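Working notes for the structure below.
The values are calculated or read from the model by the stated rules, or taken from the named source; none is laboratory data. A quick note: this is a predicted structure, and the numbers were derived from the prediction, not measured. Positions of Cβ are backbone-derived with ideal geometry, glycine not excepted, and every protein chain shown enters the neighbour counts. In case anyone asks, the SASA skips ligands and DNA or RNA and just uses the protein heavy atoms, side chains included. Shrake-Rupley method; radii C 1.70, N 1.55, O 1.52, S 1.80 Å.
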Amino acid sequence: SPPPTSPPRIPPPLPSPSCPPPSSPAPVPPPPSQRFEAACPAEMPREERLWLTVGAPKYHGSTALEMLFMSSRRVSTICAAGTWQCEARWCPEEHAFAARAGAPPGTVGPWPCPSPNAIRHDVPGRLRCHLETYSRIWNLSRPVLLTKWAPLHNGGGCAAVAPDESGVGLDVAPPPALLRASGVERVRWAVVMMIRPYCLWRISSHARSKQAADAVAYAREELRVLEQQSSTHRAHLAAGRRVLLTSLADILFRPDSAAARIRAFAPCLGRLDPDFFPTLGADLSEGNQFKVGASVAMYGASLSPLDLGYDVEAGACVAPRDELYQGLLPAEARRAEEAEAYLRDWSWER
């Protein structure tokens, strides 16, 4: 249901995020042709792999993003482990998770990797440990090795790297033993982030439920999400990482253009097919409990952008600020608008 016209009493303002953006001015997006360094060549050397971390905030369309990548025959996921939504959900306190989810015998045991707090000085060691674990599941003959969220944050498991952590390079070399045994000498690392324009909350049953229960709390949660994504993207740029920011709106309403932009970022992906739908037994297992019922293109075609308040040509929500960010105080709405403008500038291209 749409936001109420008269929101409930608004409590005091939400404080600024605990990890505010850098004091220096926000980086200005360069021309579209220069917004990213390609993460890999069209034809990967046989001794190299691309480790691609993809994701969006929880319940913000990350499954649609993941499914677009799954359409490439050059990509290997960790769906074979049988985890929910093909996510890396292993943690020291979840030793039996993989077994409960139906992981192949012997593939995943207790989480072997120490947390960032345990060995904060050894970032490369943490990355290699994560790689070693996922390598038990990936098809290492494929050039692109995909994880959803990991190692940047957990989604239910354990993170290896904080987005603003210095010392995290772009490559892992030498790679762990399982990869070396497959002839791999170097693993590149790149990140694809996805935003959901604020007005598209209506397509999420989770968002509709939370908004109906408490419009103010929901609006403030979304403000946190916007500012966190903005801060995270800045941190990736400051660290010199290969990072692409894309939009759920483009993936749904301009799927061919979105796929072409992602391929430009990582040419080694090959063809991405927005009409792809994963097949149980070939792409998925029962334990994945994949929750989608249509391809990305089919689902996008079933929606009306204008009914959702989104202008595809402008790449933006069309409602006035006080209506779009209903539930926020004026100062908070300005913060949301600024964060969303930053994210749009880096994710949208004509």
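Keeping all protein chains in place, calculate the accessible area per residue for region 183-262 (probe 1.4 angstrom), answer in Å². Don't jump to the answer; show the numbers that get you there.
Numbers: 2430 Å² over 80 residues.
Per residue, region 183-262 has an accessible area of 30 Å².
Determine the shape class of region 163-301: with a ≥ b ≥ c the square roots of the Cα gyration tensor eigenvalues, call it rounded for a/c under 1.5, and otherwise prolate if a/b is greater than b/c, oblate otherwise. List each step's numbers first, then the result.
Working: a/c = 1.86, a/b = 1.30, b/c = 1.43.
Note, shape of region 163-301 comes out oblate.
Quick one: grab Rg to one decimal and Dmax as a whole number for region 222-290, Cα atoms only, in Å.
When restricted to Cα atoms, region 222-290 yields Rg and Dmax of 15.6, 41 Å.
Gap in Å between the Cα centre of region 323-343 and the Cα centre of region 235-275?
26 Å
On a full-extension model of 0.36 nm per residue, what is the gain between residue 312 and residue 43, subtracting their alpha-carbon distance, rounded to one decimal in nm?
Values: separation 269, 0.36 × 269 = 96.84 nm, distance 3.32 nm.
My answer for the length gained is 93.5 nm.
Taking 7 Å along the Cα-to-C-beta vector as the label spot, tell me the residue 304-residue 224 distance in nanometres, rounded to one decimal.
Placing both labels 7 Å beyond Cα along the Cβ direction yields 3.4 nm.
Cα atoms only: what Rg and Dmax, in Å, come out for region 194-245?
13.6, 41
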